[in-house]
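> Pasting in a structure now, in structure tokens, and then I'll have a few things to ask.
The values are calculated or read from the model by the stated rules, or taken from the named source; none is laboratory data. Everything quoted here is computed from the prediction, not taken from an experiment. Don't worry about glycine lacking a Cβ; one is built from the backbone with ideal geometry, like all the others, and counts go over all protein chains shown. Each accessible area value is taken on the protein alone, full model and side chains, heavy atoms only, with ligands, DNA and RNA left out. Shrake-Rupley method; radii C 1.70, N 1.55, O 1.52, S 1.80 Å.
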Amino acid sequence: MSTLRTLDDHDEVLTEIGAVLRDPALVVLPTDTVYGVVADAFDPRATASLRSAKRLAPTAPLTVVVRTPRQAAALAADVPEAADRLMASYWPGPLTLVLPVNEDLAWDIGALAVVAVRMPAEVTLLDVVADVGPLVCSSAARPGDPSPTTVAAARDALGDAVELYVDDGPRDGEVSTVVDLTSDHAVVLREGAVPAADVELVAAGRVDWGDVPSP
């Protein structure tokens, strides 16, 4: 049976979240865009549970949430200058960067030789990463269903496959922009909160980082 908590007692709930993730089990948390289901990125049991809950293929790639750009660099084999520019301009925020994966890491985030990383602007999620470490994070819905903007919608989608749901009110539902940085040029794979035109200007160094407005 899943449990529902609010953030009224922030420190107590953070402790509970950490205990659940180390179990390892799944937690649904608010992000800066939608409600996401998270698991310990470095526990294969946890990532397998997340894929099972969402009915994803065993090799489906998973996005990793980090707390700092330095953490992102540790997960990647290479961080090009374009990535540094984009992180400086848009992190924390709704921008996901696809980088070559550090193949020395013992984890299971998918079959591809890349890692998708994001530093969200949601303080609670960043606090959890600070406690547990990098997390895999995915919309708390199954493929083909809309991403949930409330904890009730997330609970309807995933039910008892998730041990703990944390409610912090509705989210805006705008998706993150996804940028592939594994080649010579930044390629926008999905346009979301950050406009593709701005991404391309910043990545190419054609505007100063501080001159682009935050989304």
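> Yes or no: the range 24-35 includes at least one residue that is out of contact with any His (no Cβ under 9 Å at 6 or more places or on another chain), modelled with pLDDT of 95 or more and over 21 Å from Ala130 (Cβ atoms).
Within the range 24-35 (the criterion being out of contact with any His (no Cβ under 9 Å at 6 or more places or on another chain), modelled with pLDDT of 95 or more and over 21 Å from Ala130 (Cβ atoms)), the answer is yes, since at least one residue qualifies.
> Quick one: which of Ser138, Ser183 is outside any helix (DSSP H, G or I), at pLDDT below 95 and of a type in the set (Ser, Thr, Tyr)? Before the answer, list the steps.
Numbers: Ser138 fails: at pLDDT below 95.
Being outside any helix (DSSP H, G or I), at pLDDT below 95 and of a type in the set (Ser, Thr, Tyr) holds for just one of Ser138, Ser183, which is Ser183.
> Taking the condition of being assigned to a loop (DSSP other than H, G, I, E, B) and more than 25 Å from Gly93 (Cβ to Cβ), how many residues in the range 1-35 meet it?
At the first step, the residues of the range 1-35 found to be assigned to a loop (DSSP other than H, G, I, E, B) are 1-2, 7-9, 23-26, 31-34.
Now restrict to residues that are more than 25 Å from Gly93 (Cβ to Cβ): 1-2, 8-9, 23-25.
Looking only at that region, the number is 7.
> What number goes with the only condition from (1) surrounded by fewer than 16 Cβ atoms within 10 Å (Cβ to Cβ); (2) under 24 Å from Ala106 (Cα atoms); (3) not β-branched (Val, Ile, Thr) that Ala152 does not pass?
Single failed check for Ala152: (2).
> For the range 70-83, enumerate the residues that are in contact (Cβ under 8 Å) with a residue 60 or more places away in the chain and either under 24 Å from Tyr35 (Cα atoms) or open to solvent by less than 10 Å² (accessible area, probe 1.4 Å) (or both).
Gln71, Ala83 - these are the residues of the range 70-83 that are in contact (Cβ under 8 Å) with a residue 60 or more places away in the chain and either under 24 Å from Tyr35 (Cα atoms) or open to solvent by less than 10 Å² (accessible area, probe 1.4 Å) (or both).
> Here's a follow-up. Considering only residues that are small (Gly, Ala, Ser) and under 13 Å from the mean Cα position of the chain (by Cα), which ones fall in the range 101-135?
Initial filter on the range 101-135 (small (Gly, Ala, Ser)): 106, 110-111, 113, 116, 121, 130, 133.
Correct list: Ala116, Ala121, Gly133.
> Let me ask you something else. Could you say whether any residue in the range 152-166 is under 24 Å from Asp8 (Cβ atoms), basic (Lys, Arg) and part of a loop (DSSP other than H, G, I, E, B)?
no
> Among what's in the range 84-126 and is surrounded by fewer than 18 Cβ atoms within 10 Å (Cβ to Cβ) and charged (D, E, K, R), pick the residue that is farthest from Val136 (Cα to Cα).
Across the range 84-126, the extreme among qualifying residues is Asp84.
> Return the residue satisfying two criteria in turn: it lies in the range 194-211 and is part of a loop (DSSP other than H, G, I, E, B) and either at pLDDT 95 or above or of a type outside the set (A, V, I, L, M, F, W, C) (or both), and of such residues it is most open to solvent (accessible area, probe 1.4 Å).
The first filter runs over the range 194-211 and keeps only residues part of a loop (DSSP other than H, G, I, E, B), leaving 194-195, 204-208.
Now restrict to residues that are either at pLDDT 95 or above or of a type outside the set (A, V, I, L, M, F, W, C) (or both): 194-195, 205-206, 208.
Numbers: Val194: 0, Pro195: 56, Gly205: 40, Arg206: 160, Asp208: 104 Å².
The qualifying residue most open to solvent (accessible area, probe 1.4 Å) is Arg206.
> Related question: How many residues, within the range 1-54, are within 19 Å of Pro170 (Cβ to Cβ) and of a type outside the set (Asp, Glu)? Reasoning before the result, please.
Just the residues of the range 1-54 that are within 19 Å of Pro170 (Cβ to Cβ), to begin with: 4-8, 10, 13, 27-38.
Subsequent filtering for residues that are of a type outside the set (Asp, Glu) retains 4-7, 10, 13, 27-31, 33-38.
Counting residues in the range 1-54 that are within 19 Å of Pro170 (Cβ to Cβ) and of a type outside the set (Asp, Glu) gives 17.
> Name every residue in the range 84-118 that is under 18 Å from Ala196 (Cα atoms) and either free of Cβ contacts under 8 Å to residues at least 60 places away in the same chain or polar (S, T, N, Q) (or both), in order of residue number.
Within the range 84-118, the subset under 18 Å from Ala196 (Cα atoms) is 84-99, 116-118.
Asp84, Met87, Ser89, Trp91, Thr96, Val117, Arg118 - these are the residues of the range 84-118 that are under 18 Å from Ala196 (Cα atoms) and either free of Cβ contacts under 8 Å to residues at least 60 places away in the same chain or polar (S, T, N, Q) (or both).
> Now a separate question. Just to verify a result, which residue in the range 44-69, among those that are part of a loop (DSSP other than H, G, I, E, B) and free of Cβ contacts under 8 Å to residues at least 40 places away in the same chain, is most open to solvent (accessible area, probe 1.4 Å)? Spell out how you get there, then give the answer.
Of all residues in the range 44-69, those part of a loop (DSSP other than H, G, I, E, B) come to 55-62, 66-68.
Still in the running and free of Cβ contacts under 8 Å to residues at least 40 places away in the same chain: 57-58.
Values: Ala57: 54, Pro58: 104 Å².
Across the range 44-69, the extreme among qualifying residues is Pro58.
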